[in-house]
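Notes follow once the structure below has been shown.
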């Protein structure tokens, strides 16, 4: 593929990734404000206790085959077809296993109401299994625009359903129903835009061929979900629904921030790295360019979210969630590095190193689990700080393994990201100091946002940032 064509596809993918994830986060924010005002922390806690089970089941149904298909040089109908029927079969069996395990889950949390809620909410991952192959097809072919439209439509309609049910007193059932509606509409939409269709052939030979690669990704995804939801499990076990709800609210806002960047970059990074896998020098250049772009966006966005968290949470969903705002301030600092870690993992996957991805994720998860169990008597804030620090320091571990693959020098990485980190830290610190005496929360959030955004833009422009110039040039060209 000619370099210019690949560059254009990457730029277009990033643009539509931004549109997709920006629209997603806007809609999530909009409906989250309504739901946060109507529902209680206990309602969010009920659903939050089940999240880890749904995510693990979802990983089992997908089994790492989407990444395996994206990494193949050529994919035939038989391979898509085998994964399609395999995913549906696994999902059907898993749903009924979890259906009968619901009483045990309720006993673990000492909450009998979880039994009917679990059996209802777990329907979602079976429905989503129907859309795995259409989504994999669109992902492999970099059809970000089609995926974006499907996601935005599903979010909009499901959000309306969730808010309507919450307003009419359905409490935590409205959150579970919103999720089911979202998955159902998204599945229908990707089927509508995907040209591939299954056939009634039960040849699972392609599954066996991909299993060596995909099984490691499967285990990695499971441990990733465990890592990301350790707090909900531990808080639910040792504290209660209210603490789980406060943390989940903070984690949701943090996720909205970093997933906007991770989704935009991740939607093109792995297919891009896979396409230039045989050109090491070009892969290093592409990785560093993506790294600079990610740092340019991530540091000001996430540190800015930490800056305005108390005002944002209070204005959006009232001060009953103020505790979650303080948790968010801590989590958002760690969220700054999540998109960067995502770049490292995408490159390792594109190199076929699913075993390295698995080993690192398992080691990180075990370390976090041990630390959280030891620290839970000291409170949620101590646990949050340690959790963030561990994830930040683990970037050096990811870098070590990427260095072994493409000889990416740590000094070059620091040169790519440290300038943006320093500019963002200076801007956020200066803004915090200037606005320290503003007591009106509406005036405070406006001044903080405008001042920080203006300063960051001005400094990156005056410093001659190539990434800033490229982004600005692409937007001007797109507008014309």
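The values are calculated or read from the model by the stated rules, or taken from the named source; none is laboratory data. Since the model is a prediction, treat every value here as computed from it, not as a measurement. FYI the Cβ positions are ideal-geometry reconstructions off the backbone, even for glycines, and counts take in every protein chain you see.
Within segment 185-207, residues that are in contact (Cβ under 8 Å) with a residue 60 or more places away in the chain sit with their Cβ atoms under 9 Å from residues that are in a loop (DSSP other than H, G, I, E, B) and loosely packed, with under 12 Cβ neighbours inside 10 Å, at 6+ positions apart or across chains, in these pairs: 206/76.
All of 347, 374, 322 fail the test of being buried (at least 21 other Cβ atoms within 10 Å of the Cβ) and modelled with pLDDT under 90, apart from 347. In the set 432, 381, only one residue is at pLDDT below 90, surrounded by fewer than 17 Cβ atoms within 10 Å (Cβ to Cβ), in the same structural domain as residue 312 (by TED's automatic domain parsing) and in a helix (DSSP H, G or I); that residue is 381.
Rundown of residues vs (1) at pLDDT below 90; (2) buried (at least 21 other Cβ atoms within 10 Å of the Cβ), yes/no style:
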{"position": "126", "(1), (2)": "yes, yes"}
{"position": "145", "(1), (2)": "yes, no"}
{"position": "149", "(1), (2)": "yes, no"}
{"position": "152", "(1), (2)": "yes, no"}
{"position": "157", "(1), (2)": "no, no"}
{"position": "162", "(1), (2)": "no, yes"}
{"position": "165", "(1), (2)": "no, no"}
{"position": "173", "(1), (2)": "no, no"}
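The criterion of being in contact (Cβ under 8 Å) with a residue 40 or more places away in the chain, surrounded by fewer than 20 Cβ atoms within 10 Å (Cβ to Cβ) and part of a helix (DSSP H, G or I) holds for residue 314. Picking from residues in segment 1-57 that are surrounded by fewer than 21 Cβ atoms within 10 Å (Cβ to Cβ) and not in a helix (DSSP H, G or I), the one that is modelled with the highest pLDDT is 40.
Check segment 326-338 and report whether any residue there is more than 25 Å from residue 448 (Cα to Cα) and in a helix (DSSP H, G or I). Among the residues of segment 326-338, not one is more than 25 Å from residue 448 (Cα to Cα) and in a helix (DSSP H, G or I), which makes the answer no. Counting only residues that are part of a helix (DSSP H, G or I) and exposed (fewer than 12 other Cβ atoms within 10 Å of the Cβ), segment 435-457 holds 2 of them.
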